[in-house]
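In what follows, a single structure is set out as structure tokens and then discussed.
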Amino acid sequence: MTTSSPWLVARVVETRPATPHGRVLHLRVAGWPGNLAGQHVDVRLTAEDGYQAVRSYSLASSGDSEILELAVDELPNGEVSPYLVEDVLPGDELEVRGPIGAYFVWTPERAEPVQLIAGGSGIVPLVAMARVHALAAGTVPMRLLYSVRSQDDAFYADELIGLERDAFTVDWAYTRSAPPGVLRPAGRVDAATIAASTIPAAEHPSVYVCGPTGFVEAVADLLVAAGHSPDRIRTERFGGA
């Protein structure tokens, strides 16, 4: 579906902290048509004076349920994210439009290996893919490289660890502070990280990269330099607050 979809009322049914500056929201949307893993929605807030702000957020949920799951990271000087992280309460209503995006999706019918690479809250649509992979008991290799500032900044950390099995593995790249016992020193994802912590280009994986624009562009360049074909690299960028 496209952004020509109608705006639907979304009632907040549950919220929970995810990180010191992030929150998970569950929204009930009557009439939701369902969505694939990797799609996103537009969220619209309307102030009492009629001013409206619209931002796009990836979905951690997929399938036919009317309960949608978002995970929001509060951004400095943001217009929408501070409200969603700090102020919204169960019973509050928002508006959503979607699902949006057919390019950045994954379904378990696909046979090639899958490499997921996330920066910060860019993990959200990749969590949806990992959940679908687990629900389908998929045997196609799926590997996740998750880059975060510190252990406390990771969304869905416990769930991701719980999903690990032969066909799904997680590699962590801490950019500012690595926990004790981690061999990789803190720092940005670089060529050595790609070589050590992703499926090799020779195995022709489909690659999904999501995160801030600068992160996504840098990682895509590293992947191409490592031999991955650009047409097998799918990217999703965000920057709105």
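The values are calculated or read from the model by the stated rules, or taken from the named source; none is laboratory data. In this text, all values refer to a predicted model and were calculated from it rather than measured experimentally. For neighbour counting, all protein chains shown are included, and Cβ atoms are generated from backbone atoms with ideal geometry for every residue, glycine included. Heavy atoms of the whole protein, side chains included, go into the accessibility calculation; ligands, DNA and RNA do not. Shrake-Rupley method; radii C 1.70, N 1.55, O 1.52, S 1.80 Å.
Put simply, of 112, 95 the only residue that is charged (D, E, K, R), under 30 Å from residue 194 (Cβ atoms) and either touching a residue at least 12 places away in the same chain (Cβ under 8 Å) or open to solvent by 10 Å² or more (accessible area, probe 1.4 Å) (or both) is 112. Applying the criterion of at least 2 residues that are in contact (Cβ under 8 Å) with a residue 60 or more places away in the chain, within 25 Å of residue 128 (Cα to Cα) and open to solvent by 20 Å² or more (accessible area, probe 1.4 Å) to the strands (runs of 3 or more DSSP E) found wholly in segment 167-241 leaves 233-238. Scan segment 70-79 for residues that are open to solvent by 20 Å² or more (accessible area, probe 1.4 Å) and of a type in the set (A, V, I, L, M) and the total you get is 1. Can you work out which of the residues in segment 180-232 that are among the basic types (Lys, Arg) and more than 21 Å from residue 38 (Cβ to Cβ) is farthest from the chain's Cα centre (by Cα)? Taking the candidates together, the pick is 184. Of the residues making up segment 17-69, those that are over 19 Å from the mean Cα position of the chain (by Cα), of a type in the set (Val, Ile, Thr) and open to solvent by 20 Å² or more (accessible area, probe 1.4 Å) number 1.
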